[in-house]
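S.K.: The following block contains the structure, expressed as structure tokens.
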Amino acid sequence: MRAPGSELPIVLEDVRYGVPGVMILDGISLTLMSGAPTVLVGPNGSGKTTLIRLAMGLIEPESGRITWGGIPHTAPQRRAIVFQRPVMLRRSAAANIEYALARAGTARSEWGPRTGELLALVGLAGLGERAARRLSGGEQQRLALARALARDPEVLLLDEPTASLDPAATKAVEDVIRAVVARGIKVVLSTHDLGEARRLAGEIVLLHRGRVIECTPAEQFFAEPKTEAGRQFVAGELLL
Amino acid sequence: MQQLAAVPTLETRALSGDATALELVFSADPRLMSIVILSILVSCSAVALAALIGLPLGALIALTRFPGREGVIVLLNALMGLPPVVVGLAVYLLLSRSGPLGSWGILFTPKAMIIAQAILVTPIIAALARQTIEDLWTEYRDELAAMNVGPLGRIATLLWDARFSLVTTLLAGFGRAAAEVGAVIIVGGNIEGFTRTMTTAIALETSKGDLPLALGLGMVLIAIVVVVNALAWTARRAGERYAG
């Protein structure tokens, strides 16, 4: 298994994935390139989370092929993920980031400055010594973002990162995502929140019943969807 | 009618002995203290040895999938109820002069007692650690996979992050070791000043009728268990406040 020079593009070719009795993703072909954020949208159960996990390499497709920078079966080197409900290690906030820095091979002498920088980036400066699991939901989500960024990723996958947050916490997380995008990191984000998709997306991938229905620049998707399902989604009428 | 002499019953002797037992405890009687110190050393060493083997073993079983894993878990759980006298007998046979490890020459020494107690405690620590770590692994699996953490790193991370829960596991092991009498009496021989522990001394002194010493040792044994648990609880609470 050779590590790729770059994790991008992430290419999915005719990927199928299911559990007994249910086909979750059926014949997905998609290329995730560097550039503006790609936002996966679709109703609940459309396969967004599964697609994000496949793109991260956490699960293997039943059939089809996934490559990262042209290479299949690569361990995550410069790709990172933030889950819908992030798991905080039973350590302080700073120690959570230091753990990720250590796993990424960052020299110990750089841990302190990098941890401080990342905590400041996500608006948690001053909370480094707090137990991570005692932070609020929004703070935990931002800490998860900082921990993911500690891996110095080229691509950051975000699985409904604001799904369980209030509007203020959602705005704080979205601000961090914008800062991440400004650093040139490719963001792939899933959401069923139309407003969030409008605010963040450069490219929209609409999933419905395990299939890619549309893959379009965001402006075009919201102005003039190419498909009936796209029109229904923009109108808030697309149900499972 | 002949008047009955006031013969002290077992109960009255025990009550009068109770005061003497307290005197023994609070005066730090040298005979009592040597027994107490040896008991603590043997039990703590056995728990440390069992932890070195049991914690990684529990973590390994929690993280790996292999044919017969369910059977191993059932066996490990069953071994938590190992009869101490059977373990004592097995270790005795191993360490006796004609046994396979007879050349070590450690039968009837504290080393033999530590080995016997470690054998008793290891399954308890491994089985309870396995459950604790498996629960944490379910929670951490995706996060550690995403961070590309290898098998040894996973075990180390899970052991560290479960450390406060594992304190309870170690306490269960310590309780087993401290209260155990069957194995240490067989492999230690209950030699005064050398291999006599609190439990073996209590058994012996009770049979001899020296209730003050037996009661004094009993009090100290219970006090040690309470103090160890209280310290561990305090440490756990403090740690949880820091780490969550």
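S.K.: What are the residues in the range A:79-91 that are within 21 Å of A:Trp111 (Cβ to Cβ), part of a strand (DSSP E or B) and facing chain B (nearest Cβ under 7 Å), if any?
M.R.: Within the range A:79-91, A:Ala80 is the sole residue that qualifies.
S.K.: Looking at (1) at pLDDT below 95; (2) within 14 Å of chain B (Cβ to nearest Cβ), can you tell me which one A:Arg53 breaks?
M.R.: So A:Arg53 meets the others, but not (1).
S.K.: While we're on this one: Any idea which residue in the range A:56-78 is farthest from the other protein chains (Cβ to nearest Cβ), counting only those that are part of a loop (DSSP other than H, G, I, E, B) and closer than 25 Å to B:Leu136 by Cβ? Working first, answer last.
M.R.: Of all residues in the range A:56-78, those part of a loop (DSSP other than H, G, I, E, B) come to A:57-62, A:69-70, A:73-78.
Still in the list and also closer than 25 Å to B:Leu136 by Cβ: A:57-60, A:75-76.
Values: A:Gly57: 8, A:Leu58: 6, A:Ile59: 9, A:Glu60: 12, A:Ala75: 5, A:Pro76: 5 Å.
The extreme case among them is A:Glu60.
S.K.: Can you tell me which residue within the range A:110-130, out of those that are farther than 21 Å from A:Ala182 by Cα, out of contact with any Asp or Glu (no Cβ under 8 Å at 6 or more places or on another chain) and surrounded by 15 or more Cβ atoms within 10 Å (Cβ to Cβ), is nearest to the other protein chains (Cβ to nearest Cβ)?
M.R.: Here the residue is A:Arg130.
S.K.: Quickly run through the range A:92-109 and pick out the residues that are under 30 Å from A:Lys48 (Cα atoms), of a type in the set (Gly, Ala, Ser), touching a Gly at 6+ places or on another chain (Cβ under 9 Å) and within 8 Å of chain B (Cβ to nearest Cβ).
M.R.: Passing the criteria: none in range.
S.K.: Continuing with this model, one more query. If a residue has to be over 19 Å from B:Asn77 (Cβ atoms), free of Cβ contacts under 8 Å to residues at least 60 places away in the same chain and not hydrophobic (A, V, I, L, M, F, W, C) to count, how many in the range B:102-137 make the cut?
M.R.: So the answer is 4.
The values are calculated or read from the model by the stated rules, or taken from the named source; none is laboratory data. On a predicted model such as this, the values are computed, not experimentally measured, just so you know. We place every Cβ from the backbone using ideal geometry, glycine too, and count neighbours over all the protein chains shown.
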